[in-house]
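One structure is given below, encoded as structure tokens.
The values are calculated or read from the model by the stated rules, or taken from the named source; none is laboratory data. Predicted model, so just to flag it, every value in this text is computed and none were measured. Here the Cβ positions follow ideal geometry from the backbone for every residue, glycine too, while neighbour counts run over all protein chains shown. Heads up: the accessible areas ignore ligands, DNA and RNA and are worked out on the full protein's heavy atoms, side chains in. Shrake-Rupley method; radii C 1.70, N 1.55, O 1.52, S 1.80 Å.
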Amino acid sequence: MLRAVSLVSPLGFRLSTLPSVRGRPLSCAQDVLRRTPLYDFHLAHGGKMVAFAGWSLPVQYQESHIESHLHTRRHCSLFDVSHMLQTEILGRDRVKLMESLVVGDIAELKPNQGTLSLFTNETGGILDDLIVTNTSEGYLYVVSNAGCWDKDLALMQDKVKELQNKGSDVGLQVVDNALLALQGPTAAQVLQAGVSDDLRKLPFMTSAVMEVFGVSGCRVTRCGYTGEDGVEISVPATEAVHLATALLKNPEVKLAGLAARDSLRLEAGLCLYGNDIDEHTTPVEGSLSWTLGKRRRSAMDFPGAKVIVPQLKGELQKRRVGLTCEGAPVRAHSPILSTDGTVIGTVTSGCPSPCLKKNVAMGYVPSKFSRPGTQLLVEVRRKQQMAIVSKMPFVPTNYYTLK
């Protein structure tokens with residue numbers, strides 16, 4: 001398992017979830033870390049490199065974390081997410097394989113449509129979150145978290161072998177591409193200048209292979225981890241620097257790192273695996289019931305269904321909620337208390353919101369305390385301060401959907 005390692009950026013932003021490898025906290029010694037195809041590019045552009053999930057990645061560049069965050073909300077930013085695991089599931093029984101591992105209805109996906117789904121175990125715990133796309137090229141394109149790379153790959157490979165031994169037609173291959181995320185309200189406008197496809201016909205959670213700024217064979221998926229409109233571009237590793245350079249020629253685009261990515265996703269109410277969801281939380285407890293396909297709920301044919309499905313109508317001991325508060329920033333592991341001072345839960349992610357000018361956080365509390373507007377307390381530096389259960393996303397999302 002990966003453990004969280006706290007790191008404070010030069011400007012004071014705490015990135016509270018830098019995993020360790022094999023139980024050892026990672027130092028910033030770059031020789032023990034994997035490098036993306038853009039490593040030298042980051043250094044050349046002033047990237048401050050840190051250890052994250054076994055990789056060396058930029059936490060920020062020359063601009064402050066706050067400036068980078070706000071630029072993404074107002075214009076667009078380019079993130080290197082090449083550390084993510086990209087795989088293709090092949091063969092006639094590819095949907096059967098994927099549905100044996102996740103909670104979503106993969107069979108109902110239209111060509112080039114994707115969905116967020118969850119790997120679960122038999123006790124209902126979340127092994128990882130991932131995006132599955134049913135490509136028109138006859139395979140499933142899967143993107144999952146770098147922090148779960150080994151675990152996810154072993155899970156899928158073991159299932160491939162199991163089904164192959166039963167005569168199924170299924171296979172798996174790792175995609176050795178770089179992955180660039182262009183995020184923000186002007187992202188589509190920037191990208192449109194470099195593609196012939198009409199991006200107005202590519203709504204949220206759809207995907208297509210196209211040439212991008214002269215690079216053929218790129219998979220462009222309308223998705224992201226910021227709450228803004230944007231795309232993730234799977235590009236041949238040898239062309240990653242060319243593509244990043246081409247995108248940066250547009251003055252709308254600036255580079256952004258892990259610090260901005262974390263605060264952006266938190267404002268958007270998006271989970272970070274290992275903090276907000278893990279093997280000890282179920283989809284229902286994690287407020288992710290919407291990922292459970294209706295057909296899958298009825299059939300109860302996904303891992304952990306006997307635990308998860310009854311929770312849909314039952315009282316939960318814990319549920320993920322959003323919290324807002326004034327005062328000192330709330331960080332992961334801070335206790336959550338009822339107004340009478342009883343500890344009832346724990347914060348899993350928290351930071352000052354650059355857009356809202358107040359603190360936002362996620363955490364787990366019993367169901368009876370989960371109603372928006374409920375007043376609670378959080379403990380920060382041994383002092384209690386008022387917090388209010390708030391709807392997520394904290395900042396409205398701007399995903400592009402066809403009206």
Give a residue-ordered list of calculated ³J(HN,Hα) values for segment 74-81 (Karplus: 6.51 cos²θ - 1.76 cosθ + 1.60, θ = phi - 60°; whole Hz; x for Gly, Pro).
9, 10, 7, 10, 10, 10, 8, 10
For segment 49-130, listing GluC sites (Glu not before Pro) in a DSSP loop whose Cβ sees at most 12 other Cβ atoms within 10 Å gives Glu122
Looking only at Trp290, Trp55, Trp149, which one moves most when the chain is put into a Gaussian network model with springs between Cα atoms under 10 Å?
Trp290
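Can you tell me what percent of all Cα-Cα pairs in segment 215-312 are more than 17 Å apart?
On the way: 3184 of 4753 pairs.
That tail contains 67 percent of the Cα-Cα pairs.
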Counting other C-beta atoms within 10 Å, and keeping those with at most 11, which DSSP coil GluC sites (Glu not before Pro) do you find in segment 251-310?
none
What pairs in Lys294/Lys318; Lys48/Lys358; Lys159/Lys313; Lys254/Lys391; Lys96/Lys159 have C-alpha atoms more than 19 Å from each other?
Lys294/Lys318; Lys48/Lys358; Lys159/Lys313; Lys254/Lys391
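Summing Lys, Arg as +1 and Asp, Glu as -1, what charge do residues with Cβ under 12 Å from the Cβ of Ile233 carry, Ile233 excluded? Write down the numbers at each step before the final one.
Numbers: positive: Arg219, Arg222; negative: Asp80, Glu211, Glu232, Glu239.
With Lys, Arg at +1 and Asp, Glu at -1, the neighbours total -2.
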Within 13 Å, Cβ to Cβ, of Val212, how many net charges do the neighbouring residues add up to if Lys/Arg are +1 and Asp/Glu are -1?
-3
Dividing the helical contributions, -39500 (n - 2.57) per DSSP H run of n ≥ 4, by the residues of the chain yields a 222 nm value, nearest 500 deg cm²/dmol, of -5500 deg cm²/dmol
Can you run phi through the Karplus equation (6.51, -1.76, 1.60; θ = phi - 60°) for segment 354-363 and list ³J(HN,Hα) in whole Hz, with x for Gly and Pro?
x, 7, 8, 6, 8, 7, 10, 7, 10, x
Surface accessible to a 1.4 Å probe, per residue, for the residues of the chain, Å²:
43
Could you pull out every residue, at least 5 positions away or on a different chain, whose amide H is within less than 5 Å of the one on Val380? Hs are placed 1.01 Å off N in the peptide plane, and Pro or chain starts have none.
Gln385
Normalised per residue, the volume of the convex hull around the Cα set of the chain (Å³):
142
Modelled label-to-label distance, Gln385 and Lys357, 7 Å Cα→beta-carbon offset: nm?
1.6
Once you place label points 7 Å from the Cα toward the Cβ at Trp290 and Glu122, how far apart are they in nm?
3.2
If Lys and Arg each add +1 and Asp and Glu each add -1, what is the summed charge of the other residues whose beta carbon sits under 15 Å from the beta carbon of Cys223?
0
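If each residue of separation counts as 0.36 nm, what is the full-extension length gain between Ala237 and Gln157 once their alpha-carbon separation is subtracted? Write down the numbers at each step before the final one.
Values: separation 80, 0.36 × 80 = 28.80 nm, distance 2.35 nm.
Gain in length upon complete extension: 26.5 nm.
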If the label point is 7 Å along Cα→Cβ of His45, which residues in segment 177-215 have backbone nitrogen under 13 Å from it?
179-183
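Starting from 0.36 nm per residue, how many nanometres of slack lie between Tyr399 and Thr245 once their C-alpha separation is accounted for? Intermediate values should be presented prior to the final figure.
Numbers: separation 154, 0.36 × 154 = 55.44 nm, distance 2.54 nm.
Separation in residues times 0.36 nm, less the Cα-Cα distance, equals 52.9 nm.
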Compactness of segment 315-390, expressed as Rg and Dmax over alpha-carbon positions, Å
11.0, 35
Nothing charged except the Cβ atoms of Lys and Arg (+1) and of Asp and Glu (-1): what's the magnitude of the dipole of segment 105-154 about its Cα centre? Round to the nearest 20 debye.
100
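How many percent of the accessible area of the chain is carbon or sulfur, using a 1.4 Å probe?
Details: 8850 of 17380 Å².
Carbon with sulfur: 51 percent of the solvent-accessible area.
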